[in-house]
Amino acid sequence: MNPVIRPRRLRATPAMRRLVAETRIHPAQLILPLFVREDIAEPAPIGSMPGVVQHTLDSVKQAVQDAAAAGIGGVMLFGIPAGRDAIGSGATDPAGILNRATRVVAAEAGDALVVQTDLCLDEFTDHGHCGVLDAHGTVDNDATLERYRGMALAQAEAGSQLLGLSGMMDGQVAAVREALDAAGRTDTAILAYAAKYASAFYGPFREAVDSQLTGDRRTYQQDPANRIEGLREAALDEAEGADVLMVKPAMSYLDVLADVAAVAQVPVWAYQVSGEYAMIEAAAANGWIDRGRAIRESVTGILRAGAGAVLTYWALELASDPDSAA
Ligand code: PBG
């Protein structure tokens with residue numbers, strides 16, 4: 001018997017495949033993470049992330065111009081300070097590297113891009129944890145919330161429009177929302193890294209921000225084994241007032257992403273993290289996979305799973321060739 005139903009008809013030509021594609025990569029839904037380092041004179045390459053650099057306060061301007069010209073949706077800023085201490089003082093200091101970089105980037109971006117900032121203490125603490133420690137060396141949730149409130153005000157003041165709360169402290173969204181509102185910053189939006197897992201795929205990022213961490217973040221970031229917990233975290237953050245939810249990493253958590261996207265009433269994004277980037281770059285450098293196709297397939301998969309936007313280190317490259325995405 002010959003088949004009557006032939007799905008292959010819709011795959012027969014490039015034009016037909018392009019027409020019936022359910023998912024496309026559009027520049028507006030790509031967000032470029034940018035690293036800005038204090039006290040360097042030239043951009044510094046990051047060994048485990050080929051093609052990605054730590055910017056100077058000057059070189060980041062061109063990166064922002066390029067991002068705006070490419071039509072991407074926004075940039076997410078990370079700062080690498082020259083000095084660190086136990087409470088991450090540089091995070092709340094208006095002259096701290098992230099807040100200075102935010103001023104520079106906000107001035108450069110104008111209305112072309114949404115300027116976003118990482119709101120977390122790990123880049124600024126000498127122990128590398130995302131919060132402050134108590135007398136026993138344990139991350140102190142509620143004392144950390146006080147630090148986050150201060151960071152939120154400093155970042156909003158510097159010109160960040162969307163605060164990326166990535167520290168995974170309980171109650172962080174509510175605490176930051178309250179601090180912003182009390183200061184009249186009702187227009188500053190919150191991107192909650194709602195479901196953030198304790199992942200090996202953050203490895204290259206630790207080099208990118210010169211992380212001081214020994215040990216791990218398993219008392220605050222989620223166990224990779226848990227799917228329901230991802231939904232719980234996302235629901236809590238939405239209820240606390242998050243404007244956007246994020247799932248992170250992306251590729252190993254597409255089920256969580258799809259779960260959250262199915263029920264959230266705010267946009268849901270995903271972060272294709274440093275290790276996801278490094279794996280594809282490394283395999284491609286060895287000639288083991290087709291780099292361009294692997295990049296597009298990975299981001300298409302994240303969008304297909306339900307992400308409204310993706311943070312990816314390939315944002316500029318993808319934005320320049322979005323049509324080949326499908
Ligand atoms: C915390 C933060 C991390 C990343 C983004 N924000 C590191 C961590 O949680 O250990 C990782 C991003 C990446 O790997 O690309 N400030």
Protection proxy ranking of 72-78, 189-195 - average other beta-carbon atoms within 10 Å, highest first: 189-195, 72-78
Met169 accessible area, assembled protein chains, probe 1.4 Å, Å²: 10
Antiparallel DSSP beta bridges within segment 25-320, percent to nearest 5: 10
Around Ser160: net Lys/Arg minus Asp/Glu count, Cβ-Cβ under 11 Å: 0
Net charge of Cβ neighbours under 12 Å - reference Thr56; Lys, Arg +1; Asp, Glu -1: -1
Tensor-based shape of segment 258-326 (alpha-carbon gyration tensor, a/c under 1.5 rounded, otherwise prolate or oblate): prolate
Accessible solvent surface per residue of the chain, calculated while the other protein chains remain in place, 1.4 angstrom probe, Å²: 44
Neighbourhood net charge (12 Å Cβ-Cβ; Lys/Arg +1, Asp/Glu -1) for Asp259: -1
Global geometry of segment 25-320, whether rounded, prolate or oblate, following the gyration tensor of its Cα atoms and the 1.5 cut on a/c: rounded
Length-normalised contact order of segment 167-325 in % [C-alpha pairs under 8 Å, at least 6 apart]: 23
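The values are calculated or read from the model by the stated rules, or taken from the named source; none is laboratory data. Source: prediction; values computed, not measured. Cβ: placed from backbone, ideal geometry, glycine included. Neighbour counts: every protein chain shown. The area values use the complete protein model at the heavy-atom level, side chains included, leaving out ligands, DNA and RNA. Shrake-Rupley method; radii C 1.70, N 1.55, O 1.52, S 1.80 Å.
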